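*Asks:* I have a structure I would like to understand better, so I am pasting it below and will then ask my questions one at a time.
The values are calculated or read from the model by the stated rules, or taken from the named source; none is laboratory data. On a predicted model such as this, the values are computed, not experimentally measured, just so you know. Cβ sites come from the backbone with ideal geometry, for glycine too, and all protein chains shown count toward neighbours.
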Amino acid sequence: MTTTATPGTPTGRAAADFIADRIQAVPPSGIRRFFDIAATMDDVISLGIGEPDFVTPAPITQAGIDSLRHGETHYTSNSGILELRQLLAGQLERLYSVSYNPETELLITVGVSEALLLALMAILNPGDEVIVPEPCFVAYQPTVIFGGGVPVAVPTRVEDSFQVTVADLERARTPRTKAVLLGYPNNPTGAVLDRARLEEIARWAAQHDLLVISDEIYDRLVYGVPHTCFASLPGAWDRTLLLGGFSKSYAMTGWRIGYVAAPPDLLAAMRKIHQYIIMSAPTTAQEAAIEALKSGEPYVEEMRAEYDRRRRTIVAGFNSLGLTCFEPRGAFYAFPSVAVTGLTDAEFSERLLMEEHVAMVPGSAFGESGRGFVRASYATALPKIEQALERIGHLVERCRQG
Ligand SMILES: Cc1ncc(COP(=O)(O)O)c(C=O)c1O
């Protein structure tokens, strides 16, 4: 006789019991709670969000609209529109002297978010370990888990300019280690790994036969320092999965478009997953991305210059309030310490939101080594940043007076 157990009934499993262990093991994002509270309040200045405040430059948007008007409403090739891959290959060659064959070594994805999951699913057997330097983008460790792997967090420190050291990577390495996941310019610290450190990491990865997943989504947003593409380092191309995208540099977060560049066998494995779960990245967004690569350069520079102005203001502002701030050289985040207030990062963020209506994210949301710091996004207009600094000053003053 067959028994039929109905979910939610006394004889069946509770709905939550159907959820896979590895999915249940991942806590909800620490960032969300702050936004949910902020959304209920008037007059909040948000330094919380990790996306450009600029709208997508007009010619890029127009290209998307035109493609729809021309009836381009169908799937594209699984790998993405060939012209887009060709333009991307050209840009990577021009900027970083790295060569990727657009036919076999580039795949257009639904943002770096998808590219990251594909990279991890393609390489991980259950239980394989991925070393993840933190503080880092909130999705890294959960995505390793979704991909069936085990994230192994490695701290970075403000004394090292938040650049991971090879000694720390080596301490975290085990026989199960398969890859290291780097993100630079970094979210949330704004740290940019310099060439010398990257070369050391590349040598270490080669010595231990590890892959490097390199998330370089903020590559165009650097201030006074160069960005070094990991794949361009001696001996690194064969073991690099390079992730990049349009969200940040071209202010295109909502279009959902990114890419992965990798040696052909690895790329084919990722394309196989993409082909079955996504089919192809949104056609309209791909057409817009083509325009971004053709005519977007002046806009990238204009936005970068504006971020740089804001960066100087916010870093100087934090330092003058006694919230010691490491100088971020990339992305659009500042990561000051709140030690002077005597509060934890979570307490500081909570009080700042409730008492001064300014939203910033506690550093511990990005990993243990972010504890004691807060992330302030300067993808916010300069007058708002100045007003936010004034409000932050009021809270710091109250804390100092005890
Ligand atoms: C470091 C980093 N990687 C990836 C992403 C996700 O980018 P995308 O919009 O391309 O999915 C973000 C978004 O905040 C990010 O900060």
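Condition check ((1) more than 21 Å from the chain's Cα centre (by Cα); (2) within 14 Å of the ligand (Cβ to nearest atom)) across all residues:
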residue: 248; (1), (2): no, yes
residue: 262; (1), (2): no, no
residue: 277; (1), (2): yes, no
residue: 281; (1), (2): no, yes
residue: 295; (1), (2): yes, no
residue: 316; (1), (2): yes, no
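*Asks:* Could you tell me which numbered condition residue 60 fails, if it satisfies all but one of (1) within 20 Å of residue 260 (Cα to Cα); (2) buried (at least 20 other Cβ atoms within 10 Å of the Cβ); (3) away from the ligand (no atom under 14 Å from the Cβ); (4) among the hydrophobic types (A, V, I, L, M, F, W, C)?
*Replies:* With respect to (1) within 20 Å of residue 260 (Cα to Cα); (2) buried (at least 20 other Cβ atoms within 10 Å of the Cβ); (3) away from the ligand (no atom under 14 Å from the Cβ); (4) among the hydrophobic types (A, V, I, L, M, F, W, C), residue 60 is out only on (1).
*Asks:* Tell me which of these residue 354 doesn't satisfy, since it passes every other one: (1) of a type in the set (A, V, I, L, M); (2) away from the ligand (no atom under 16 Å from the Cβ); (3) within 24 Å of the chain's Cα centre (by Cα).
*Replies:* (3)
*Asks:* Quickly run through region 358-378 and pick out the residues that are in contact with a helix residue (DSSP H, G or I) (Cβ under 7 Å, 6 or more places away or on another chain) and either acidic (Asp, Glu) or in contact (Cβ under 8 Å) with a residue 60 or more places away in the chain (or both).
*Replies:* 358, 359, 360, 361, 362, 363, 364, 370, 373, 375, 376, 378
*Asks:* On the given criteria, is residue 247 in contact with a strand residue (DSSP E or B) (Cβ under 9 Å, 6 or more places away or on another chain), closer than 27 Å to residue 303 by Cα and surrounded by fewer than 23 Cβ atoms within 10 Å (Cβ to Cβ)?
*Replies:* When the stated conditions are applied, residue 247 passes them.
*Asks:* Do you know which residues across region 320-343 are outside any strand (DSSP E or B) and closer than 17 Å to residue 191 by Cα?
*Replies:* Of everything in region 320-343, those that are outside any strand (DSSP E or B) and closer than 17 Å to residue 191 by Cα turn out to be 324, 326, 327, 328, 329, 331, 332, 335.
*Asks:* Tell me the helices (runs of 4 or more DSSP H) entirely within region 54-161 that contain at least 1 residues that are over 30 Å from residue 380 (Cα atoms) and free of Cβ contacts under 8 Å to residues at least 12 places away in the same chain.
*Replies:* 58-69, 82-96
*Asks:* Also, quick follow-up: Is there a residue in region 88-99 that is aromatic (Phe, Trp, Tyr), in contact with a helix residue (DSSP H, G or I) (Cβ under 6 Å, 6 or more places away or on another chain) and within 26 Å of residue 196 (Cβ to Cβ)?
*Replies:* yes
*Asks:* Would you confirm, using the coordinates I've provided, whether residue 346 is in contact with a Pro (Cβ under 8 Å, 6 or more places away or on another chain), crowded, with 16+ Cβ neighbours inside 10 Å and not in a helix (DSSP H, G or I)?
*Replies:* Answer is no for this residue.
*Asks:* Same structure again: Quick check, is residue 84 within 16 Å of the ligand (Cβ to nearest atom), under 26 Å from residue 267 (Cβ atoms) and of a type in the set (A, V, I, L, M)?
*Replies:* It is true that residue 84 is within 16 Å of the ligand (Cβ to nearest atom), under 26 Å from residue 267 (Cβ atoms) and of a type in the set (A, V, I, L, M).
*Asks:* Residues in region 363-387 that are crowded, with 19+ Cβ neighbours inside 10 Å and more than 17 Å from residue 328 (Cα to Cα): how many?
*Replies:* The number of residues fulfilling the criteria is 3.
*Asks:* Residue 31 - would you say it is modelled with pLDDT under 95 and touching a strand residue (DSSP E or B) at 6+ places or on another chain (Cβ under 8 Å)?
*Replies:* Criteria met by residue 31.
*Asks:* Output the residues belonging to region 203-246 that are more than 9 Å from the ligand (Cβ to nearest atom) and of a type in the set (Phe, Trp, Tyr).
*Replies:* Of everything in region 203-246, those that are more than 9 Å from the ligand (Cβ to nearest atom) and of a type in the set (Phe, Trp, Tyr) turn out to be 204, 223, 230, 237.
*Asks:* Continuing with the same structure: Exactly one condition in (1) crowded, with 20+ Cβ neighbours inside 10 Å; (2) of a type in the set (Val, Ile, Thr); (3) in a loop (DSSP other than H, G, I, E, B) is false for residue 212; which is it?
*Replies:* Single failed check for residue 212: (3).
*Asks:* Select from region 199-246 the residues that are of a type in the set (Ser, Thr, Tyr) and in contact with a Gly (Cβ under 6 Å, 6 or more places away or on another chain) and list them in ascending order.
*Replies:* 218 - this is the single residue of region 199-246 that is of a type in the set (Ser, Thr, Tyr) and in contact with a Gly (Cβ under 6 Å, 6 or more places away or on another chain).
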